[in-house]
Amino acid sequence: MTATEPETRMPKRGPAPVQGMGMLIGLLFLMLGAFELMPGVTVGEGSARALFGVFAVSGAWTLVHLLTGAAAVFCTRSPRAAARFLVVAGACYAVVGLAGLLPLPRAVTDALPLNTAGICLALAFGTGMLILGAGWLWRRPERRR
């Protein structure tokens with residue numbers, strides 16, 4: 001570039017797709033936690049509470065969903081943090097879904113109740129988050145010209 005040529009600037013890039021997906025998942029978990037706190041949305045009393053009458057919930061699940069949502073929103077500041085969050089949280093939810101298939105002690109099932117719908121949802125969320133996060137982390141960086 002010579003002194004007479006105008007300086008060309010690269011346009012600013014927007015957020016990476018993994019950041020958008022992380023934010024979407026975070027907001028979904030925050031909404032899920034908020035729905036669990038609403039009396040009209042949860043059906044039943046005590047340990048027999050169910051979100052929309054389908055997914056078993058408890059106070060511990062509500063706290064887990066709210067913390068997961070807040071962490072996801074916080075981690076969407078950078079693409080790498082968002083992808084790492086998706087991998088870690090996805091692995092945790094997949095493990096919870098797999099653990100729901102095993103006979104667990106009553107103390108665990110009282111704190112984190114899982115019915116068939118909850119197990120399927122945890123496995124689906126966990127698998128999806130793992131695929132999104134790992135796919136972004138393992139992708140080939142684009143070559144700049």
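All of 35, 29, 52, 74 fail the test of being touching a strand residue (DSSP E or B) at 6+ places or on another chain (Cβ under 7 Å) and among the aromatic types (Phe, Trp, Tyr), apart from 35.
Would you check which residues across segment 100-133 are small (Gly, Ala, Ser) and either crowded, with 16+ Cβ neighbours inside 10 Å or modelled with pLDDT under 90 (or both) and list them? Once the filter is applied, which keeps residues that are small (Gly, Ala, Ser) and either crowded, with 16+ Cβ neighbours inside 10 Å or modelled with pLDDT under 90 (or both), segment 100-133 yields 100, 107, 111, 118, 122, 126, 128, 133. Selection of segment 69-83 for residues being within 11 Å of residue 27 (Cα to Cα) and surrounded by 15 or more Cβ atoms within 10 Å (Cβ to Cβ) yields 69, 71, 72, 73. Here residue 67 meets each of (1) part of a loop (DSSP other than H, G, I, E, B); (2) under 15 Å from the mean Cα position of the chain (by Cα); (3) not basic (Lys, Arg) with one exception, condition (1). Pick from segment 76-132 the residues that are assigned to a helix (DSSP H, G or I) and hydroxyl-bearing (Ser, Thr, Tyr): which of them is nearest to residue 48 (Cα to Cα)? Looking at the filtered set, the residue picked out is 109. In segment 99-118, the residues that are free of Cβ contacts under 8 Å to residues at least 60 places away in the same chain form Cβ pairs under 8 Å with partners that are hydrophobic (A, V, I, L, M, F, W, C) and loosely packed, with under 14 Cβ neighbours inside 10 Å, at six or more places apart or across chains, as follows: 111/60; 112/60. With respect to (1) free of Cβ contacts under 8 Å to residues at least 60 places away in the same chain; (2) closer than 20 Å to residue 119 by Cβ, the lone exception for residue 70 is condition (2).
Taking segment 39-53 as the search range and keeping residues that are among the hydrophobic types (A, V, I, L, M, F, W, C) and closer than 14 Å to residue 115 by Cα, which one is surrounded by the most Cβ atoms within 10 Å (Cβ to Cβ)? Once the filter is applied, the top-ranked residue is 51.
The values are calculated or read from the model by the stated rules, or taken from the named source; none is laboratory data. Keep in mind that this is a model prediction, so the values were computed, not measured. Methodologically, a virtual Cβ is constructed for each residue, glycine included, from the backbone with ideal geometry; neighbour enumeration extends over all protein chains shown.
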